[in-house]
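Engineer: One structure, as structure tokens, below. Some questions next.
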Amino acid sequence: MFAKLAKFLKWHISSPEYDISGELYEQLKPFRLPLIFIVLMTIVGTLGYMLIDNFSLIDALYQAGMTFTTVGFTEVNKISTFGRLFTILFIFTGFLVFTFSMGLVIEVLKKGTLTRILEERSMLYKIASLKNHFIICYHNVYTIELAKQFRENHVPFVVVDANPQLGELAAKHKYPYYIIAEPHTQTAMLKSHFSSAKGLISLSDNIADNIAMVTSARLFEKELGRVPYFIMTSANSDGEAEKLIKLGANSIVSATKLVAQRLNAISARPDMENMLEKFVYDKNTALDIEEIKVPDYSWLRFKRIKETHLRTIVNTDIVGLRDQNNKFLPMPNGDTLIGTGSRLLVIGTAESIRAAKRLIYSKHKPEEYRYV
């Protein structure tokens, strides 16, 4: 199935890195002919002065250079009548070569492709240094707001879209990194350094685009043989969400559903709006909430929640538990067992949550538990 998908999506590059040198070389090809003409003119002029007026190699080269560039310095040595006729012909020929060469250079620069490739090359060098970043596919209003949130929380990201004006949009909306390409292609994934990314977010209004992105990301993941990416995408209906989940998306967001849920929550409890806004969305709030996976080697496995003593040791509380079957239990009591593959929803300060992670990730019961 993956082979058929690769053929359909025209994937053929196996290297996890993208080399833009080929594109740059194609744009520099037109400069070869002017350079060849300049070298030939210099050789012809040098040989001409050496044969006609017996100039030394250095003098002939110097005279040919001054004549070809029309600098107009004095003659190095006395030039014969035939030598002066040669000089006149050399000047006219040099002027034609210069005009022809400038025409080619201006034509290449006028297209703007070379400038774009040089800018893209600089961007690719910057993107290549990213680790654990997110790839945001398709520019729209959701991308603008998400990019703003990512910048405020110092989350690295790359925006990928086929819009030729993406460079201007990136400057306007302060995207630090961007790639102009069809997001579902392997070229786009190589340019965005997807091999080192943490995950992918596809925000197209078209379900076909999101399907292509999920499929391409899983295909790329299979080629690299790496751990699964975290893939989030948007959907306009439950049917679309179901399709995307089956294809491998980890999380589906429906804008209309989120708006409806938020309006319902605010209308039911208007007094809670400001508190909810500050707690969930404000990065400067004293409290934080995070889901922590209990690894298989953790000493917490097969312990009851009351035996963890997280409240006493690191001042955090477990407000939810998700088991290996993805069943979520809100506000679990102290006798709830922490099984294999469990995820704990922990609330506390950022510092206390970091301390809780250290305790949960420990293989052996920490020393602090001698006193509880």
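Engineer: Distance check, please: which entries in 110/191; 172/357; 126/148; 327/363; 131/306; 110/148 exceed 29 angstrom between their Cα atoms?
Structural biologist: Pairs exceeding the cut-off: 172/357; 131/306; 110/148.
Engineer: Give me the number: length gained by fully extending residue 354 to residue 256, i.e. 0.36 nm times residue separation minus the C-alpha to C-alpha distance, one decimal in nm.
Structural biologist: That pair, residue 354 and residue 256, stretches by 31.8 nm at full extension.
Engineer: State, to one decimal in nm, how far the label point of residue 297 lies from the label point of residue 198, with both points 7 Å from Cα in the Cβ direction.
Structural biologist: Here the answer is 2.3 nm between the modelled labels.
Engineer: In addition: Which residues in the range 73-106 place their backbone N less than 15 Å from a point set 7 Å from the Cα of residue 56 along the Cα-to-Cβ direction?
Structural biologist: 76-78
Engineer: Any chance you could list P(r) for the range 65-146, counting all Cα-Cα pairs in 5 angstrom bins from zero, rounded to whole %?
Structural biologist: Using 5 Å bins, I get a P(r) of 3, 10, 11, 11, 10, 8, 7, 7, 6, 6, 6, 5, 4, 3, 2, 0 for the range 65-146.
Engineer: State to the nearest 20 debye the size of the charge dipole of the range 113-191 about its Cα centre, where the only charges are +1 on K and R beta carbons and -1 on D and E beta carbons.
Structural biologist: Computed charge dipole of the range 113-191: roughly 240 debye.
Engineer: Here's another thing I want to ask about it. Among 181, 164, 194, whose Cα lies farthest out toward the positive end of the dipole of the range 122-211, if unit charges sit on the beta carbon of Lys, Arg (+1) and Asp, Glu (-1)?
Structural biologist: With unit charges placed on the Cβ atoms, the residue in question is 194.
Engineer: Which three lengths, in whole Å and largest first, does the range 205-265 cover when its Cα atoms are put on their principal axes?
Structural biologist: Cα spread of the range 205-265 along its principal axes, largest to smallest: 44, 21, 16 Å.
Engineer: Sort 182-188, 305-311 by packing, meaning the average of other beta carbons within 10 Å per residue, with the highest value first.
Structural biologist: Result, highest mean Cβ count within 10 Å first: 182-188, 305-311.
Engineer: Hey, another quick one. Under unit Cβ charges (Lys, Arg +1; Asp, Glu -1), what dipole magnitude, rounded to 20 debye, does the range 162-213 have relative to its Cα centre?
Structural biologist: 260 debye
Where a number appears in this text, it was derived from the coordinates with a stated rule and is not lab data. Just so we're clear, the structure is a prediction, and the values are computed from it rather than from any experiment. Note that each Cβ is placed from the backbone with ideal geometry, even for glycine, and that neighbours are counted across all protein chains shown.
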